[in-house]
1. Considering the range 244-261 alone, what residues qualify as being surrounded by 19 or more Cβ atoms within 10 Å (Cβ to Cβ) and closer than 15 Å to VAL279 by Cβ?
2. Given SER48, SER30, SER74, which one is farther than 24 Å from ARG101 by Cβ and open to solvent by 60 Å² or more (accessible area, probe 1.4 Å)?
3. Which of the residues spanning the range 147-203 are closer than 12 Å to GLU129 by Cα, hydroxyl-bearing (Ser, Thr, Tyr) and open to solvent by 40 Å² or more (accessible area, probe 1.4 Å)?
4. Would you say LEU120 is in contact with an Asp or Glu (Cβ under 7 Å, 6 or more places away or on another chain), in contact (Cβ under 8 Å) with a residue 40 or more places away in the chain, part of a loop (DSSP other than H, G, I, E, B) and over 30 Å from ARG322 (Cβ atoms)?
5. Condition check: of a type outside the set (Gly, Ala, Ser), closer than 30 Å to TYR338 by Cα and open to solvent by 30 Å² or more (accessible area, probe 1.4 Å). Does ARG223 satisfy that?
6. Need pairs with beta-carbon distance below 9 Å; first residue on the phi > 0 side of the Ramachandran plot and within the range 93-117, second of a type in the set (A, V, I, L, M); sequence gap 6+ or separate chains.
7. Which of the residues that make up the range 177-199 are farther than 12 Å from GLY317 by Cβ and not in a loop (DSSP other than H, G, I, E, B)?
8. If you go through the range 279-299 one residue at a time, do you hit one that is touching a residue at least 12 places away in the same chain (Cβ under 8 Å), of a type outside the set (Gly, Ala, Ser), open to solvent by less than 20 Å² (accessible area, probe 1.4 Å) and part of a strand (DSSP E or B)?
Amino acid sequence: MTKYRIYELSARAVMSYVLADGKQYTFHLSRTATEKCKIKAVSHEQDSNALFFQIMCELCGNDYQEHSDGQIVSGLSDIIFYMDFEHIFDRSGTKKMQLIRQQKAEAMFCPEGVSLDFGLGEHRYLAFERSNSMSRQARLSFIRSDYYDAVRRRIMLDMEIGQCQLSKLYAYNGLLLSSGTRVEGIGIDRPHRVIVIDNPITTEHNVPVITVEDDGSQSNLRRYHRVEKRMDIDTLSFDGEGIISKEYAATLDRAYCGQHTHTSFQIRLPYIKGMLHQVDFKDFLKSAGTDTITDIYGVAHRVQDVDIILTKSQFKGFGWLRDCGMTWEDYWAVFRKYHHALYVTNVSKEKPERFTEADSGSLRKTERLFQPQMVHGRRILRGKFPKTRLPVHACRH
């Protein structure tokens, strides 16, 4: 995978060079000062992603191609960088020094941005995008001001988005920062090859629910009380999941790794994310006498022409595309215009593993699932353990 030279700077170090005019803060760092703000403990290398590729296309033209010769691409080293804001915006920080530090940091997000010199002269940099992992690590990218508008048009597919939930816009634009392998030459943009359908919704009736409700007042201070009730719960099926035909999965996998050994692919496309699982749906639908599939736009497609079926939950830009008066065909036209491609960010294991790596979210779910409860005066676990009996002491925290 191609790697890029992307410098990472400490926001605290940059703040030490701030110029203050009353309560106005500005940042103009010389080459020496910029060098001192680079974090020493990191490699200043980042794996390839769709955003870096788009910036390189803006820099070198749409004929740009990545090379896997092991060389670090340095073309972006003075165009985009990462700023580390660790501990600056901690909610527990209430001391005067911490509040001043936050004000200085906020000044970096102003239209004036920060002026730095990475060795090719001083340039102005503006706050840009961040991925979910960067958000968790309190990091944010900054891009050179003379590239800001052009790159933003590329990653937003020429859409002009008005009022929206900014957190979602940042999150969905940030999908292009996911490290992955760019896969070209597989005709992903061929008409009818990729379609989007709605997610089925299933309803569970009369489900016991414990929640809180407010007292109905309109004052600034509201009181809430615990409520136990039964209600119908709607569940979104296949959230973030789609399917890929057996034939096209083989084509994708060979382009990805040279052979067909994987059956599930975690993918990224502009405003599209999620998993694709290999399913021989063409043979299944043929045996069921189904010749066409109708997509979310009401367009019917011949089953034999379709290779990827995405669900609406995977297509994060569906509403914005519609609001901008753009069709699914327009999406692919801009996709080709800006030389976008499919990125594979993860794949299924070639052999099943004995243990599964769990993240913090799944661990919390497991903890809730096996939370001890009192039933008839005895502590039990809310789990099914066939042919297994657990002593009471096994349920203690």
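1. Within the range 244-261, ILE244, SER245, TYR248, ALA249, LEU252, ASP253 qualify.
2. SER74
3. Answer for the range 147-203, where residues must be closer than 12 Å to GLU129 by Cα, hydroxyl-bearing (Ser, Thr, Tyr) and open to solvent by 40 Å² or more (accessible area, probe 1.4 Å): TYR148, SER167, TYR170, TYR172.
4. For LEU120, the condition - in contact with an Asp or Glu (Cβ under 7 Å, 6 or more places away or on another chain), in contact (Cβ under 8 Å) with a residue 40 or more places away in the chain, part of a loop (DSSP other than H, G, I, E, B) and over 30 Å from ARG322 (Cβ atoms) - is met.
5. Details: of a type outside the set (Gly, Ala, Ser): yes; closer than 30 Å to TYR338 by Cα: no; open to solvent by 30 Å² or more (accessible area, probe 1.4 Å): yes.
It is false that ARG223 is of a type outside the set (Gly, Ala, Ser), closer than 30 Å to TYR338 by Cα and open to solvent by 30 Å² or more (accessible area, probe 1.4 Å).
6. Qualifying pairs under 9 Å: GLY113/LEU126; GLY113/ALA127.
7. Step one: list which residues in the range 177-199 are farther than 12 Å from GLY317 by Cβ, which gives 177-195, 197-199.
Residues satisfying the conditions are LEU177, THR181, ARG182, VAL183, VAL194, ILE195, ILE197.
8. No - not one qualifying residue is present in the range 279-299.
The values are calculated or read from the model by the stated rules, or taken from the named source; none is laboratory data. Keep in mind the model is a prediction, meaning the values are calculated, not measured. Glycine also receives a Cβ, built like all others from the backbone with ideal geometry; neighbour counts cover every protein chain displayed. Heavy atoms of the whole protein, side chains included, go into the accessibility calculation; ligands, DNA and RNA do not. Shrake-Rupley method; radii C 1.70, N 1.55, O 1.52, S 1.80 Å.
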